[in-house]
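Shown next, in structure tokens, is the structure this report addresses.
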Amino acid sequence: MSGFIAFTVLGLVTGAGYAVAASGLVLTYSTSRVFNVAHGAIGMVMAFLCWELTVQRGLPAWLAVLLVVGVAAPLLGALAERVMMRHLAGAPEGTTLVVTVGLLIMLIGAAQAVWPATARPVEPFFGQRGFRIGTAFVTYHDLVMVAAALVVAAGLYGLLTRTRIGAAMRASVDNRDLLRLYGARTSLVSALSWAIGAALAALAGILLTPVVGLSYFDLALLVISAYAAAVVGRLRSLPLTFVGALLLGLAQSYAVGYLPPTEALSGLRAAIPALFLFAALLLSPQATLRVGQIKGVAGVPVPTTRRALVAGAVLVGAAAAASFALPAAQNDQLALGFVYGIVMLSLVPLTGYGGFVSLTQLTFVGIGAVTVARLGTASPLGLLAAAAVAALVGALVALPALRLRGLYLALSTLAFGLLMDKLVFQSSLAFGFNGSLSVPRLAGLRGERAYLLVCAAAFVVVGLGVLALRRSRYGRILLAMRDSPAGCATLGLNMRWTRVRLFALSAGIAGFAGGLLGGLRQTVAATDFQLMGSLPLLLLAVVAGVTSVSGAALGGMALMLLPVLASAFPALGGLVYLCVGVASVGLGRDPNGVVSHLFKLGRWRERDRWRPAGLAPALRGAGVHR
Amino acid sequence: MRPILELVGVTAGYGRIEVLHGVDLALPRGAVMALLGPNGAGKTTLLRVVSGQIRATGGHVHLGGAHVNGASADALARAGLCTIPEGRSVFPNLTVRDNLRLATYAGARAADVYGTAFDRFPRLAERAHQLAGSLSGGEQQMLAMARALATDPAVLLVDELSMGLAPLVVRELYEVVAGLAADGVSVLVVEQFADAALAVADRAAVLVHGRVVATGGPDEISDELANLYLGSVT
Ligand SMILES: Nc1ncnc2c1ncn2[C@@H]1O[C@H](COP(=O)(O)OP(=O)(O)OP(=O)(O)O)[C@@H](O)[C@H]1O
Ligand SMILES: [Mg+2]
């Protein structure tokens, strides 16, 4: 019984920390419609800053917290709004999500550059002092956490419902232009909501540091817990968000306390926030389709088959030439670029054509690699099996997520990726805890040169396939679905199966790439396929151009080059990520990415071939207008 | 006396498309002017220029004697320009009360705004805590007009007040417009139902293809309207 009270207190206290984080998330989302994936990362950077001020600079804790939560974090939030988010008004949800992914990567990069990795123990406020409630010991830090949650709850409620600026914050989501006509300084309104959101992220990060540890990733991943709580409140209701946060805290605490300490269950414990998020997503009621929303973006031109074939041949030829000119190690690097390119190709139908954001594409790559490793075969059939298994898993993921849309769907992929990592990849089913697997290469391909050529050829084949898909009736339906889901629903298109097939296809391509990657690396481990790797992948894919095959090639090479650059110039490590983050700012303007600018350079004489990828051509393809 | 709102050779458009090709227009102080014209003539665009939502690419806009090209929409609103744009110009996910609370950005005190609005439109008082999006179209337009009433603007711009509303409601809303004008507010109304607007107007102007082709008293314009519109069809 005494244990139960102790675990309940611990759960409520942790939940209070989550509640602070989640309420910040809800505030920024409900006042700007931008879902800030970097919310946890802001808290992380601010927790590090607080550590710097107290431990390194010797400031008293209260002053450091005041400076960080009251000054630094709001400034960072307002800056992020000013530089990145302001240009995103009206942009598709996927784009805004990816831009905040850029912010996340940038913040992690910056933190790693400023505070290189070492152990940094953090004492709770007031040390271990506290008092007893019955049999349970409550530290003063715990008390501060609960008090902070209560103050935040009351403060936010008062702000949003009792003040004019609070009403303006809510109004700015409805209609920003109208709010301006009412005389409100709208830029101030949204800057303020981001500033408050960031301050809450910082407060949560600082309060939870003694629980989570001062770690880049664990603190940044606090967003998962915050999302889970916020989804319970449907990203809108603050009271429900608080309930969600407390439930999550309790669930985690009881899991620690009462699950038997076997190895299999240790993964489960770590996966509780993700499980909770998944459950909350699936159980939460969904908004109905809104009619009359057509968010078409002009696509990049689709090359003719002949052109694509020529380009493919040139690419393989160039790879062959390079394979002779370059030493063995560089051959492997180049091959890695092509493999990454195939992973990005898997995003082209899903994200580029379908408009769905997958935050964990590397998970499917991992499934492919594990499949080949487990089969232990060097025959090309192993690659097909990798694709098939990944496709199956992809379809299985899409099934429960069928009713989710937009942001909720993206978040469910995030939860899925975490679950796979904790429950499958780190279990004996796959790599085992901290384990790795060796993967055989395709038969007879000992040399780097041959493998490079195989990877280049595989990229070309998959790329041609993606282009064929784009030209097909199915491809046009996908575009129509992306641009106007409601319109397609009224036409009687079955969007559910279209979507399941799309997820399976995308996962299959990624799994195929995973088989190739396994063969290239020859040993793979769970850490190769973690969420924190998927995010830069998605970001680069979108920055380079996720609507085109050329974009995938560019993105794959960039993803391969980034770590190379970072290790060649260690000082630039964080800076490289910073650049990627900054590049994502440009996204708000052109969702077709960098390559579309390259296309435009050569487009001046081909204007007549330009085909906008809008609703009308798609419907024509679907057999509506003849 | 100088007109309170004066446009001289104003050109404006969207991107490379020019919609207004040199508009000259003068709204006398305290007058109600009806701005008429066929669909796509550029009436809404003209109001957007005056209210600061898009910037004129050429010409001059004078408001209360000041040159206001390039002034921001919110600054103009705080200075006493009240704009009721096309469509339902309320915040659907805010309560009626919160909608009115936002009217205070233009200067009035919250209590006065509630008082004025609820006196003039008792139906809004009954629905004060209801979301504005759940009001009927007419009630939403009343809410929008209540803002104009309560904030006592110098100039009121209204776009398509009658859109989708029953004739009775339209008449009630135009009574409010007439009342405002009697209190000294200068009003520019854009309207498709020429009759409703001309009934309360002191002046009228006709915009065709981005140019003002006629101005005059409401009766003159009313007689000529068919000819003016016909000219635009070619
Ligand atoms: N946001 C926009 N982007 C590009 N062109 C626009 C935009 N808004 C309007 N236009 C174009 O400008 C022209 C004038 O439009 P405007 O809305 O000003 O006409 P209007 O006189 O208000 O018509 P209506 O009586 O139908 O409301 C039209 O040809 C329209 O296509
Ligand atoms: Mg109009």
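Take the Cα of residue B:219, step 7 Å toward its Cβ, do the same at residue A:464, and the gap between the two points is 8.1 nm. Placing +1 on the Cβ of each Lys and Arg and -1 on the Cβ of each Asp and Glu in the protein assembly as shown, which of B:180, B:26, B:12 has its Cα farthest towards the positive end of the resulting dipole? The residue sitting farthest along the positive end of the dipole is B:12. Ranking A:173, A:163, A:199 by how far each Cα lies toward the positive end of the dipole of region A:2-283 (charges on Cβ) leaves A:163 at the top. Ranking of A:31, A:527 by neighbouring Cβ atoms within 10 Å, starting from the fewest: A:527, A:31.
Would you please put A:334-346, A:549-561, A:134-146, A:197-209 in order of how densely packed they are, using the mean number of other Cβ atoms within 10 angstrom per residue and starting with the highest? Don't skip to the answer; put the middle values down first.
Values: A:334-346: 27.7, A:549-561: 24.7, A:134-146: 17.5, A:197-209: 29.7.
Peptide ranking by packing, descending: A:197-209, A:334-346, A:549-561, A:134-146.
In region A:305-529, taking the dipole from charged Cβ atoms about the Cα centre, the farthest positive-side position among A:385, A:310, A:480 is held by A:480. Fully extending the segment from residue A:330 to residue A:384 would add 16.7 nm, taking 0.36 nm per residue of separation and subtracting the current Cα-Cα distance. Counts of other chain beta carbons within 10 angstrom of each beta carbon in peptide B:96-103 average 4.
A Förster radius of 30 Å, combined with the Cβ-Cβ distance separating residue B:111 from residue B:199, puts the computed FRET efficiency at roughly 0.30.
Taking neighbour Cβ counts within 10 Å as the exposure measure, how do A:126, B:118, A:503 sort from fewest upward?
Numbers: A:126 14, B:118 19, A:503 28.
If I rank by nearby Cβ atoms, fewest first, I get A:126, B:118, A:503.
For the pair residue B:18 and residue A:523, what calculated FRET efficiency results from E = 1/(1 + (r/R0)^6), where r is the Cβ-Cβ distance and R0 = 56 Å, to the nearest 0.05?
Computed FRET efficiency for residue A:523 and residue B:18 comes out at 0.30.
When a/c is below 1.5 the answer is rounded, else prolate if a/b is larger than b/c, else oblate, so apply that to chain B with a ≥ b ≥ c taken from the square roots of the Cα gyration tensor eigenvalues. Prolate shape, in that a/c is at least 1.5 and a/b is the bigger ratio. Each peptide in A:161-169, A:456-464, A:97-105 was scored by the mean count of other Cβ atoms within 10 Å over its residues; highest first, the order is A:97-105, A:456-464, A:161-169. By how many nm would the segment from residue A:154 to residue A:314 grow when fully extended, if each residue of separation counts as 0.36 nm and the alpha-carbon distance is taken off? That pair, residue A:154 and residue A:314, stretches by 51.2 nm at full extension.
Any idea what the dipole of region A:2-283 comes to, in debye rounded to 20, about its Cα centre with Lys/Arg Cβ at +1 and Asp/Glu Cβ at -1?
On the way: 16 positive and 9 negative charges, 138 e Å.
It works out to roughly 660 debye.
With a 10 Å cut-off around each Cβ of A:154-166, the average count of Cβ atoms from other chains is 1.
I need B:109, B:88, A:501, B:48 ordered by Cβ neighbour count within 10 Å, fewest first. List each step's numbers first, then the result.
Values: B:109 10, B:88 20, A:501 17, B:48 26.
Ranking B:109, B:88, A:501, B:48 by Cβ neighbours within 10 Å, fewest first, gives B:109, A:501, B:88, B:48.
Pairs of Cα atoms nearer than 8 Å and 6+ residues apart set the relative contact order; for chain A it is 22 percent. Take each peptide in B:195-207, A:313-325, count the other Cβ atoms within 10 Å of every residue, and average; sorted highest first, the result is B:195-207, A:313-325. In terms of its C-alpha gyration tensor, the protein assembly as shown has an oblate overall shape, because the principal axis ratio a/c (a ≥ b ≥ c, square roots of the eigenvalues) is not below 1.5 and a/b does not outweigh b/c. Normalising the average separation of contacting C-alpha pairs (under 8 angstrom, six or more residues apart) by the number of residues puts the relative contact order of region A:395-498 at 12 percent. Between helix A:93-114 and chain A there is an angle of about 70 degrees, using the helix long axis and the longest principal axis of the Cα atoms. Both radii come from the Cα set of region A:439-516: Rg as radius of gyration, Rh as Kirkwood radius; their ratio Rg/Rh reads 1.16. A Cβ-based charge dipole, computed about the Cα centre of region A:305-529 with Lys and Arg at +1 and Asp and Glu at -1, lands at about 720 debye. What is the helix-to-structure angle for A:238-258, meaning the angle in degrees between its Cα long axis and the longest Cα principal axis of chain A, kept from 0 to 90 and rounded to the nearest 10? It works out to around 90 degrees.
Counting Cβ atoms of other protein chains within 10 Å of each Cβ in B:159-171 and taking the mean gives 0. With viscosity 0.692 mPa s and temperature 37 °C, the Kirkwood radius over alpha carbon pairs of region A:1-70 converts through Stokes-Einstein to a diffusion coefficient of 230 µm²/s. Using a Förster distance of 45 Å, how high is the FRET efficiency between residue A:491 and residue A:59, based on the Cβ-Cβ distance and rounded to 0.05? With R0 = 45 Å, the Cβ-Cβ based efficiency is 0.10.
Taken about its Cα centre, chain A carries a charge dipole of about 2100 debye when Lys and Arg each add +1 at the Cβ and Asp and Glu each add -1 at the Cβ. Helix A:186-212 and the longest principal axis of the Cα set of chain A meet at an angle near 80°.
Using the Kyte-Doolittle scale, which helices in chain B average at least 1.0 and also have C-alpha atoms spread 20 Å or more along the helix axis, with helices defined as whole DSSP H runs? In chain B, the long hydrophobic H runs are B:167-182. Stretch residue A:162-residue A:266 to full length: gain in nm at 0.36 nm per residue minus the Cα-Cα span? The residue A:162-residue A:266 span can extend by a further 32.9 nm.
Each value in this text was obtained by applying a stated rule to the coordinates, not by laboratory testing. Given the structure is predicted, the values throughout are model-derived calculations rather than measurements. Every residue, glycine among them, receives a Cβ derived from its backbone with ideal geometry; neighbour counts consider all protein chains shown.
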